[in-house]
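A short write-up of the structure that comes next.
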Amino acid sequence: MLTDKVVLITGGARRIGAAIARCLHQRGARLVLHYRSSRAEAEALQRELEAVRPGSVALVQADLLDTASLPRLVECALAHFGRLDGLVNNASSFFPGGVGQIDEVEWDDLIGSNLKAPLFLAQAAAPALLASGGAIVGIVDIHAERPLKGHVVYNLAKAGHAQLIRTLALELAPQVRVNGVAPGSNIWPEGASVFTADVRAAIESAIPLGRIGEPRDLARVVAFLLSEEAAYITGQVIAVDGGRSVVL
Ligand SMILES: NC(=O)c1ccc[n+]([C@@H]2O[C@H](COP(=O)([O-])OP(=O)(O)OC[C@H]3O[C@@H](n4cnc5c(N)ncnc54)[C@H](OP(=O)(O)O)[C@@H]3O)[C@@H](O)[C@H]2O)c1
């Protein structure tokens, strides 16, 4: 259980972030839900969760590429709830870029959201997490280890995030545990995508457990890693991918 724990989730308004929010809230956590553009979804999720427990969800808006804005997310948790017990670095940009297509704008976006912001946000949150004996969970990707073709900078950013998790585990021990979850395919990316119907079918048929993951498959592992049940686990990245990384 996560009763009364205060957890900050980045990119928490929609998709996997929202599933994590519902799962943690169901286990008793109070939430600071960060969003960038998805204000309506964030407000709807806040209403949904506060119908269960009034006053249990605060919202905070920020573009995580604006590093100077990151301490405000932590301040929001302290102002609303007086403490911070968990940070879930979930927000991420994802788009293709092979050799010859990479420019600095895309580098800044992918590295900024997937690596730089998790580092600077963890740094901003560290004093509060050290005080509470809290935990950090980063959402990585199985392609941090085995690259996804045509996604050079994304692969690098997620590989960096995996190393950030191990590094922070060392830096913040023994008070703060830091772990990661590496999804395989859980929700197909939105918009124009290399994941055509044929590619999706090929991926799905290669997953040992025989199905695409669901956001709640990930959310349950995030909840576990934040909880006392994971008290002796730090510096680990757990693949939640139906076994796909075994056959990649
Ligand atoms: N979907 C999958 O199957 C899959 C597979 C492997 C890894 N993952 C990882 O799992 C996590 C969640 O995946 P997802 O598919 O749910 O993610 P997503 O929908 O692509 O993005 C999650 C949120 O990130 C926020 N975001 C992006 N750039 C931002 C920025 N510069 N500043 C602030 N917020 C920003 C957006 O918030 P707003 O909407 O509010 O703008 C967005 O809703 C990500 O870390 C992703 O890399 C997912």
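The values are calculated or read from the model by the stated rules, or taken from the named source; none is laboratory data. This is a predicted model, so every value here is computed, not measured. Note that each Cβ is placed from the backbone with ideal geometry, even for glycine, and that neighbours are counted across all protein chains shown.
Here is a list: G191, G242, G210. Which entry is within 30 Å of D103 (Cα to Cα), small (G, A, S) and in a loop (DSSP other than H, G, I, E, B)?
Step by step, each of G191, G242, G210 is checked, and only G191 is within 30 Å of D103 (Cα to Cα), small (G, A, S) and in a loop (DSSP other than H, G, I, E, B).
Considering only residues of region 94-132 that are free of Cβ contacts under 8 Å to residues at least 24 places away in the same chain and not in a helix (DSSP H, G or I), which is farthest from the chain's Cα centre (by Cα)?
Filtering region 94-132 for residues that are free of Cβ contacts under 8 Å to residues at least 24 places away in the same chain and not in a helix (DSSP H, G or I), the one farthest from the chain's Cα centre (by Cα) comes out as G100.
Please go through region 1-21 and pick out each residue that is within 13 Å of the ligand (Cβ to nearest atom) and not in a strand (DSSP E or B).
Answer for region 1-21, where residues must be within 13 Å of the ligand (Cβ to nearest atom) and not in a strand (DSSP E or B): T10, G11, G12, A13, R14, R15, I16, G17, A18, A19, I20, A21.
Against the condition part of a strand (DSSP E or B) and crowded, with 19+ Cβ neighbours inside 10 Å, how does V181 come out, does it pass?
Values: part of a strand (DSSP E or B): yes; crowded, with 19+ Cβ neighbours inside 10 Å: yes.
Considered against the rule, which asks whether it is part of a strand (DSSP E or B) and crowded, with 19+ Cβ neighbours inside 10 Å, V181 comes out as yes.
Give the residue that is nearest to T10 (Cα to Cα), with candidates limited to residues of region 39-84 that are among the polar types (S, T, N, Q) and within 16 Å of the ligand (Cβ to nearest atom).
Here the answer is Q61.
Could we say that A135 is more than 18 Å from T10 (Cα to Cα), buried (at least 24 other Cβ atoms within 10 Å of the Cβ) and modelled with pLDDT of 95 or more here?
In short, no.
Could you grab the pairs with beta carbons closer than 8 Å, sequence gap of 6+ or different chains, first residue in region 152-180 and under 20 Å from A230 (Cβ atoms) and within 15 Å of the ligand (Cβ to nearest atom), second one modelled with pLDDT of 95 or more and acidic (D, E)?
Pairs found: A162/E145.
A91: buried (at least 20 other Cβ atoms within 10 Å of the Cβ), in contact with a Leu (Cβ under 7 Å, 6 or more places away or on another chain) and in a helix (DSSP H, G or I), yes or no?
For A91, the condition - buried (at least 20 other Cβ atoms within 10 Å of the Cβ), in contact with a Leu (Cβ under 7 Å, 6 or more places away or on another chain) and in a helix (DSSP H, G or I) - is not met.
Could you say which residue among L119, L115 is closer than 26 Å to R216 by Cα, more than 10 Å from the ligand (Cβ to nearest atom), modelled with pLDDT of 95 or more and surrounded by fewer than 20 Cβ atoms within 10 Å (Cβ to Cβ)? Lay out the reasoning, then the answer.
Values: L115 fails: surrounded by fewer than 20 Cβ atoms within 10 Å (Cβ to Cβ).
Step by step, each of L119, L115 is checked, and only L119 is closer than 26 Å to R216 by Cα, more than 10 Å from the ligand (Cβ to nearest atom), modelled with pLDDT of 95 or more and surrounded by fewer than 20 Cβ atoms within 10 Å (Cβ to Cβ).
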